[in-house]
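Encoded as structure tokens, the structure appears first; notes follow it.
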There are 2 protein chains.
Amino acid sequence: MSAESSIVDVEHIAKIAKAAFESSQLVSSSDRVEALHAIVKELKAGRAEILAANKEDLEAAQVEVDAGNMSKSLLARLDLGSGDKWDSMLQGVLDVAALPDPTGIVTYATELDDGLDLYKVSCPIGVLLLIFEARPEVIVNIAALAIKSGNAAILKGGKESNRTAKLLSEAISAALAKTSLPSTYIQTIQTRAEVSSLLALDQYIDLVIPRGSKELVKNIQHNTRIPVMGHADGLCSIFLDESADLEKAKRVVVDAKINYPSACNAVETLIVHDSLLHTVWPEVGRALLAENVELLCDAATLNALSSLPNPPENLQALVKPSEPSTYDIEHISLTLSVIALPSLQSAISFINQHGSGHTDAIVTESDSAATTFCRGVDSSSTFVNASTRFADGFRYGYGTEVGISTGRIHARGPVGLEGLVIYKYMMRSKSQAGHIVGEFGTGKKEYKHKRIEATSVPF
Amino acid sequence: MSAESSIVDVEHIAKIAKAAFESSQLVSSSDRVEALHAIVKELKAGRAEILAANKEDLEAAQVEVDAGNMSKSLLARLDLGSGDKWDSMLQGVLDVAALPDPTGIVTYATELDDGLDLYKVSCPIGVLLLIFEARPEVIVNIAALAIKSGNAAILKGGKESNRTAKLLSEAISAALAKTSLPSTYIQTIQTRAEVSSLLALDQYIDLVIPRGSKELVKNIQHNTRIPVMGHADGLCSIFLDESADLEKAKRVVVDAKINYPSACNAVETLIVHDSLLHTVWPEVGRALLAENVELLCDAATLNALSSLPNPPENLQALVKPSEPSTYDIEHISLTLSVIALPSLQSAISFINQHGSGHTDAIVTESDSAATTFCRGVDSSSTFVNASTRFADGFRYGYGTEVGISTGRIHARGPVGLEGLVIYKYMMRSKSQAGHIVGEFGTGKKEYKHKRIEATSVPF
């Protein structure tokens, strides 16, 4: 296929996505739920075929692993047949179907004049372009989220799962063809070249959601005018305030580091109040070393550990001096940067300067320190005496997670279905003559602006 | 000044804006209100000097007008001393001060576990870069909005008002220096080169708000990774449904066209249901001609007007055939595109294809047509039997208006103060041991997700 015809094809994909979105505006909430059930049914019917294609993907990936071109962990993520992955994928669609409809919710309503009522009501954004990595079941998860929230979507998975993705995508289209939603509501593409071409089509695509590396997100932000809801990085910190309780400090820091070190909400930097250098810190350090955590320490925290009575055997091997750049690193491993600072205020400034605005926690027994920290740290989640690992859509009660946004507009932090909606205004005149602006103003009618209590639009 | 030192200076401006934002996080709502009152006081004290500078700007502009390089209307907008403009500017600041604080509002709160409460609370976005055109008083308006919502701001006005802007800006800084907000909270810049440099600094600037031409907005979107909340264009339509009431049709269409033709919410295209071609349409056409509106008509609507009994004198002069491209034009003048279409559904498709997603209205007596139109038309405001001119932040009851966003994420349509805030999560463990994630999961604790009724964070 020539480059030119490829661009034309991609424009066609974007156009029919927009058309599918527009034609779906009158599809009811219950019809969307029905579509999700139809997808589950279709996937069940196609199980053998899809898992056979997945096996082909796995075999091709194994060749890459053997040649040293792919990691074993990536291979494992490709496997749709292992454990309860298949059943979880289907259950995920049913879970999304059961969530409350995020659209049609009135968040503001006011009477502008007798018989002139204005409603601000949640609605889908439009056409989403979602780019993600290896796990093929993400196609199904994301299709479910898009359908539930009323958005059309174009999906691009990792190339390693192309065979599986193709069949999953065909099953989704086949299911949609049996519903009141267009079969083109969810489309998948296979190549990076197609993604690049789509990034230019801001007349059709309304939001790009890249889920993957920081580089992927930055690269996309650099190459499109379309808004990007990205998950860039997670450099989370914990500050042990001067009033920190030792047991809380140990539990929270160890959990935040070792529970899942490669997660974006794992802690990467520990800030110790100077006054704790010879009390709380050595015991927290000991607890971390007991879990084989490597500690990159500034001079003060290093010295405090060096003089520890009954030092752990692995102290020499795991405790190392930090460098200035250490505190800008997202380790995503069993490594923790450590620094001592003289005050709450300096800790807040340090986090705002070196952190990524994701999730930061304080361990403290002081109410005022808790308040100051939570307000002063400019991150999407700020916690008191709780592990940074709690920052997650499921744990926050959203049932599912679109991603964790590191942006500062529209949606911030763990994003549930409400991150896939925006709002529109609907207004209706019930007066005999209709409503015109020329009747209002100095010496004429005044706006009433009387709040209306409403949860849905009455027309 | 060399290009290099200029870039360094601009980075300094961006850095101190971010620092000012971060240091302001603990400033209370009442202190912000006090800062707004301090600004009013400072402006009052500086009135003579500021108006003298404004006179210099006007004199320089007059030279440009005389040389044919500037329009008279631009000159008029520069004048801060005319009519009640000065007093309105000060009153605007007091009005913003009196609005409810948009920050600190809890929109979701849930108990994750005994003693572990999560709050989602509105907060400022960060550092705003606002770019706008001639009227110097906009600096004061926007500074007030930024301060009220807790955002630091960098402002760039039109170069024609640089002398006035400089003194307004100095008055704002002098006032802030007497408050608990940093004097660098609001900064102004003077050149496009500075804007270009700032657009690269996404590590410091969180949102760009350009208020001006479609070209300005598009140019900025093309040249930055920073999110842009822009007002691109307003191609608004009105559809006369087959059940349209004649009097409503006449009143609504005429108001939407003539009330303020150069506004973005003025109607640009009239769509007439085929069945009205010889009933409602000729009378609506007559009413528009009586207001000297030029009508660019398709064959059907043109023919229907041509056979009008007692045709108005200006019919020949003002009624002209349209071309296919006519329906993509934002006239912003006393010109209206007109087309006949056979159905509600075709009208909705036409608007979604040719409109700009700003504001569209239907004139109808049918409940179902009203509902179908409001849901099917993918615009930020959809109205029934009301003029498109109602789409405005003040009319919607927001007290003031940041702008009208034509974007589809974060804020859409008329944007009040709530468009300048986002949210963060705050969570506090009250348990004896702190809270860790490792205690939850299969065979362990389960998340409670019990909703908490709260309007503000209790810590």
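The values are calculated or read from the model by the stated rules, or taken from the named source; none is laboratory data. Everything numeric here is computed off the predicted structure, so don't read it as measured data. Ideal geometry is used to build each Cβ from the backbone, glycine not excepted, and the neighbour counts take in all protein chains shown. The accessibility values were calculated without ligands, DNA or RNA, using every heavy atom of the protein model including side chains. Shrake-Rupley method; radii C 1.70, N 1.55, O 1.52, S 1.80 Å.
For this structure, a couple of remarks:
- Rounded to 10°, Cα long-axis angle of helix A:3-23 versus longest principal axis of chain A: 70
- For chain A, a simple Cβ point-charge model (Lys and Arg +1, Asp and Glu -1, everything else neutral) yields a dipole of about 1180 debye relative to the Cα centre.
- Pseudo-label separations to other copies for A:H37 - Cα-to-Cβ vector, 7 Å, nm: 6.1
- Measuring from each Cβ of chain A to the axis that turns chain A onto chain B, the shortest distance belongs to A:H410, 2 (residue, then whole Å).
- Our summary gives chain A a relative contact order of 19 percent, counting only alpha carbon pairs under 8 angstrom and 6 or more residues apart.
- Distances in nm from A:G438 to the matching label points in the other copies, shortest first (labels 7 Å along Cα to Cβ): 7.4
- Per residue, segment A:222-348 exposes 39 Å² of accessible surface when a 1.4 Å probe is rolled over the protein heavy atoms with every protein chain present.
- Checked against a 32 Å cut-off, the cross-linked pairs B:K120/B:K445; A:K55/B:K448; A:K72/A:K257; A:K18/B:K218; B:K85/B:K178; B:K18/B:K41 give Cα-Cα distances beyond that limit for A:K55/B:K448.
- Calculated FRET efficiency for the pair A:T191/B:N223, C-beta based, R₀ 25 Å, to 0.05: 0.35
- Cα gyration tensor category, rounded, prolate or oblate, for chain A with a/c compared to 1.5: oblate
- When peptides A:359-365, B:423-429, B:363-369 are sorted by average Cβ neighbour count within 10 Å, with the highest value leading, the order is A:359-365, B:423-429, B:363-369.
- Rounded tilt (10° steps) of B:29-45 against the dominant C-alpha axis of chain B: 70
- Listed pairs A:K214/B:K15; A:K450/B:K166; B:K214/B:K320 exceeding 31 Å between Cα atoms: A:K450/B:K166
- Accessible area of B:K55 in the full protein assembly, 1.4 Å probe (Å², nearest 10): 130
- Multiplying the residue separation of A:A45 and A:E170 by 0.36 nm and subtracting their alpha-carbon distance yields 43.8 nm.
- Nearest-ten-degree value, helix B:85-98 long axis tilted from longest Cα axis of chain B: 60
- Averaged over the residues of peptide A:402-415, the number of Cβ atoms from other protein chains lying within 10 Å of each residue's Cβ is 4.
- Among B:S322, B:I348, A:F132 the positive-end extreme of the charge dipole of the protein assembly as shown (Cβ point charges): B:I348
- Taking only protein heavy atoms and a 1.4 Å probe, the accessible area of the protein assembly as shown is 52% carbon and sulfur.
- Dimensionless Rg ratio for segment B:304-416, taking C-alpha atoms and the 2.2 N^0.38 Å reference: 1.25
- Anisotropy class of segment B:3-222 from Cα gyration tensor, a/c 1.5 cut: prolate
- By the helix-only formula, in which each DSSP H run with n ≥ 4 contributes -39500 (n - 2.57) and the sum is divided by residues, chain B has a 222 nm mean residue ellipticity of -12500 deg cm²/dmol.
- Per residue, the convex hull volume that the Cα atoms of the protein assembly as shown enclose (Å³): 189
- Shortest-first nm distances, A:S346 label point to equivalent points in other copies (7 Å, Cα→Cβ): 7.5
- Leaving ligands and nucleic acids aside, the B/A contact buries around 7400 square angstrom of accessible area in total at a 1.4 Å probe radius.
- Whole-Å distance, taken between Cα centres, linking segment A:157-216 and segment A:23-66: 13
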